[in-house]
Each structure stands twice: as structure tokens, then as C-alpha cells.
1. Of B:HIS161, B:HIS41, B:HIS185, which has the largest mean-square fluctuation in a 10 Å C-alpha GNM of chain B?
2. Return the subset of A:LYS234/B:LYS159; A:LYS229/B:LYS175; A:LYS19/A:LYS49; A:LYS93/B:LYS49; A:LYS16/B:LYS144; A:LYS229/B:LYS106 for which the Cα-Cα distance in this structure is over 30 Å, preserving the input order.
3. According to a simple spin-label model (label point 7 Å from Cα along Cα-to-Cβ), what is the distance in nm between B:ASN31 and B:ASN173?
4. Can you give me the convex hull volume of the Cα atoms of segment A:121-236, divided per residue and expressed in Å³?
5. To one decimal in nm, how far is A:LEU204 from the same spot in the other copies, if labels go 7 Å from Cα toward Cβ? Please give the shortest first.
6. Using the basic label-point model (7 angstrom from Cα toward the beta carbon), what is the A:GLN46 to B:HIS185 distance in nanometres?
7. How high is the FRET efficiency from B:LEU6 to A:PHE148, r the C-beta distance, R0 30 Å, rounded to 0.05?
8. Under a point spin-label approximation (7 Å from Cα along Cα-to-Cβ), what is the B:GLN156-A:LEU204 distance to one decimal in nm?
Number of protein chains: 2
Amino acid sequence: MPVSRLYKLYLSPHRKYVKVLKNLLGFVPGNLLLYRLAFRHKSVAQNVKKGVKNSNERLEFLGDAVLGSVVAEVLFKLYPYEDEGFLTELRSKIVNRQNLNQLARKLGFEQLIEYDARMLGPSRQGSLLGDAFEALVGAVYLDKGYNFTRDFLINQIIKPHIDIHMLEQTETNFKSKLIEWCQRHGKDISFDVVENEVGESLKLFTVQASIEGQTLGLGKEFSKKNAEKLAAEKACEALGI
Amino acid sequence: MPVSRLYKLYLSPHRKYVKVLKNLLGFVPGNLLLYRLAFRHKSVAQNVKKGVKNSNERLEFLGDAVLGSVVAEVLFKLYPYEDEGFLTELRSKIVNRQNLNQLARKLGFEQLIEYDARMLGPSRQGSLLGDAFEALVGAVYLDKGYNFTRDFLINQIIKPHIDIHMLEQTETNFKSKLIEWCQRHGKDISFDVVENEVGESLKLFTVQASIEGQTLGLGKEFSKKNAEKLAAEKACEALGI
């Protein structure tokens, strides 16, 4: 064992934190400050300069990108005969907030996240964990580089904790999600094919999803079904469901 | 010069293509098939299996993710005191389709892309170049790995061709974009603060952007201005503008 690892694990004043992280992540972290930052929610962050807070949000931005790239490569290689639409959809099932929250809970992040519950509504608390997971990916990337992060994500996270083939089967069907929401709230919903803009291909379908006559999403695709799907997805986004 | 490079540049039957790529990219490519694939638009692609075409779309999916990750790191380090909202916005200005199209044109990609103009509407031709640029990033990644791709993007693409500080100044202002669109189409627009959902923080603002009374976008943020911005962005998305 190299001296620096020995020191970190057994002698350093931060050895307890190092051990917790090692148990959680499977490796000895280098720069501890990065990991502390990854677990600090903005509700307990302090201003460091010009209104910028030492919260995990910047790391979350970086980690989200690195995670997206690693998952893209995994899926690209796992499904050599699927098109980019399939890959995009499957990736978003893997990295969506709900899935990352569950993952972070399973990994035991709750014991590490610093936050102030009084500053959060009940609906916001759920995303703390997923946000911290992304921030952690950013911290690992800055601490250890891309290849290490990639191997960490594949071997410690994706293989043991994510059942990609199961996620492949579960459909995130925005159209039925929207229809269910409307039934629950007693609202009328319609999907209508509308005219294309001047100059657009005749093969293109433009569909609008409307609730009580109000257009909430517009989708343009080369099949009517996919245009409806896209319109439904945008409407779900607009409604925040 | 290693023998394999000598062979590729001077003896291989593909030496002409290798030289073109070397001039364009600044390095000698390894697996030529990947690069040919990156420049093949779906309009000239053939079915290889189960309806999957040998077009650049899968590589585009991968390259888009890798590019996003590299640009995220560049901005994270270039702007240590800006928050994740700033970083996200600036990144989307760099990697948006229009910017990537211009970049690919400047790099001379037009001579390399294979496509069938008859299969494309006039509005679709523009994005060919940007799509191929992303696919190329995917090809470089598979051919040479992340660190090489990162250095290639930073030194050959971003530093010489992208003026980040200039892009920082140009504002993508969704609110004014939406207002202009409404003026052009003679439609009324309004931004209204609406009630939060039960349990949400009192500090949170919910704003809806409505056109002719139809809600097209909903934004929730901790300042009214940012909530309006988000609502406008979603409305722009819903309208496809």
C-alpha cells in the first residue's frame, strides 16, 4: 500500500471520513475537499465570492455531463444494432432523477449529504440524493480523471446496481402519462395533426397535444406516432409532470 | 515516424483519404471505417441489419455526449466563480446546432460528407454539418480514447475556432425571443405568477407563459425573473422556435 494511502486511512485527522468514502465508493479518494463539496447541498452552502456558493451545484453540472458520456458509451457498445433514438431514450431512463435518487439511497448517500431540511419543501427533498450522485461523479472526475471515473461507474455502479435490460423493457410512455394525468384532473386532452410550416417536407408530421383546448406541446417527426410522443413529452415537461 | 503511420500516409490504398483527414484534423486517424461512418448521412446509408442503417446517427449520439462532457470541463475550469446556470447556458451556446454547423463549415467538412440532397428538405440540409461534427467526435473517441479526444477538441477546435468570451456576451434571451415571435405573429403574450403547489417553499415562484390565454410553459425558480426565463424557454421549445 503506498504511503499516502496508508496515511489517509490510518493517520490523517480525516481518516474517519476517508474510511466512510472508501467503504461507499470502493477506492481511496485523493482530494477530500472535492468529495465534501459534492455532498453539500445549497441549503447549507456559504457565499465564497460574488454571490457564488460552495454548494454541489457546479460539480453536479460537470458530473451530469461525464455520467451522460459514460452511459452513452456503455449503451453504444451494448446495443450495436439499435438506433440513436433507442439509445437516447434508454439513457434518459438510466440517468433520470428518480432513478439516480434510488441509486444514491441504495449507496447510502443519506448519511453523507449535508442539507437544511427547513429550507426545502417536501417535493424538493427527493432530488437531493440524485443531485449529490451527479456531483460525486464530477468530484471523482476532477480527482481521478475520465478513465478512472468511467471504470468506477461501470464496475461499481452500473454493473452491480443498474439493470439496463429491465429498464429497456419499462416504457416511459409520455402519452399515457399525460392521458392519465388528465383523467385524474378531469381534463380533456386531444392530439391533433396540424399543418406544417412552409418549406417543410411533406413526410413530416406536426402534432399538437392540447388540454382543454390549450396547446401544451408540439412535436414534429417523420411518423405520426413519434410526433404524438414528442408532443406528449413536451406537454409533460410544460406541466412539470 | 512509426511504420504504421508511414504506411497509412504513403503506401495504403486509402492514403488520399488519410491525408485529407490528417489535414483536416491534425492527426493520423487509426480506424478509417469510423471516420467514413461519421461523414455518412442517413440519406445515403444502407441497411446493415434489422433496419439499422450504417449512417452517422449512432456516432452522433456518442459524440454529442463526449463533446458535452469536454465543454463542461472547459467551462467549469474557465469560470470558477460562475454558477451552474451560467455554465449550462454558455455550454448550450457553444454546442447548439447553428454554432456546430458554422464550425464544421469552417473546418471544411462539406468536402467529406456523403449525402443525397434530393432526400432532404431545404431546412434539413443545414444541420448535416453539425451532425457530422458530433459524429466525428464520437469516431475520434472510439478510435483514440477520451483524453486524446479532449486534447483534440481543446487544442484543435475550441482554442482556434470558438470565442467563448464573445459567446458569453451574446444572450440567448428566451423571453425576448418569445415576445418577438408573438409580435411577428400578432398574438398576445403574458407572464403570470401563479400559486405554488401544496408544500412548496414560499420562496419559490411559479410563472406561466401564456399565448392568447393558452399556457405554453411553466417555470419554477427562486426568483421571479428566473422563473419567467424558464417559462419562456419551455414555451419556445413547445412552439419549436
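All of the numbers you see were taken from the coordinates with simple rules; none came from a lab. These numbers come from a predicted model, not from an experiment. Note that we place each Cβ from the backbone using ideal geometry, even for glycine, and neighbour counts take in every protein chain shown.
1. Between B:HIS161, B:HIS41, B:HIS185, it is B:HIS185 that shows the largest mean-square fluctuation.
2. Over 30 Å apart, Cα to Cα: A:LYS234/B:LYS159; A:LYS19/A:LYS49; A:LYS16/B:LYS144; A:LYS229/B:LYS106.
3. Placing both labels 7 Å along Cα→Cβ, they lie 4.7 nm apart.
4. 196
5. So the label point of A:LEU204 gives 3.6 nm to the other copies.
6. About 5.0 nm separates the two model spin labels.
7. The computed FRET efficiency comes out at 0.30.
8. 3.3
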